[in-house]
1. I'm checking my understanding of the structure. Among residues of the stretch 35-71 that are exposed (fewer than 12 other Cβ atoms within 10 Å of the Cβ) and within 10 Å of Val25 (Cα to Cα), which one is modelled with the lowest pLDDT?
2. List the residue pairs whose Cβ atoms are under 6 Å apart, where the first residue sits in the stretch 34-53 and is without any contact (Cβ under 8 Å) to a residue 60 or more places away in the chain, the second is part of a loop (DSSP other than H, G, I, E, B) and surrounded by 15 or more Cβ atoms within 10 Å (Cβ to Cβ), and the two are 6 or more positions apart or on different chains.
3. Determine the pairs where a residue that is over 16 Å from Ala45 (Cα atoms), located within the stretch 57-73, has a partner that is modelled with pLDDT under 95 and outside any strand (DSSP E or B) with Cβ atoms under 6 Å apart, the partner being 6 or more residues away or on another chain.
Amino acid sequence: MIRLWASVSVLLGVLLLSGCSTSTVVTLQDGTQYVTQDKPTTQTADGFYEFKDIGGRHIRVRADDVATIKAED
């Protein structure tokens with residue numbers, strides 16, 4: 001019984017930690033803001049940033065249109 005509870009506790013801990021990420025706000029030159037689950041780290045070879053917003057939608061924006069990328073407060 002103790003082994004079962006220990007396994008459940010470890011599983012819950014792993015699930016909670018895997019859900020932790022830093023939200024990032026991508027602000028475009030026109031004022032449009034996208035909140036992402038993780039920070040977009042790279043720009044594609046053709047000059048675009050690609051990321052998923054918090055709703056799970058795939059977003060692709062030109063790098064020239066991005067004003068700022070910063071962690072959400």
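The values are calculated or read from the model by the stated rules, or taken from the named source; none is laboratory data. As the structure is a prediction and not an experimental result, all values here were calculated from the model. All Cβ positions, even for glycine, are placed from backbone atoms using ideal geometry, and neighbour counts span all protein chains on display.
1. Among those residues, the one meeting the criterion is Asp38.
2. Within 6 Å, the pairs are Tyr49/Pro40; Phe51/Pro40.
3. Final answer for the pair search is Ala71/Thr22; Glu72/Ser23.
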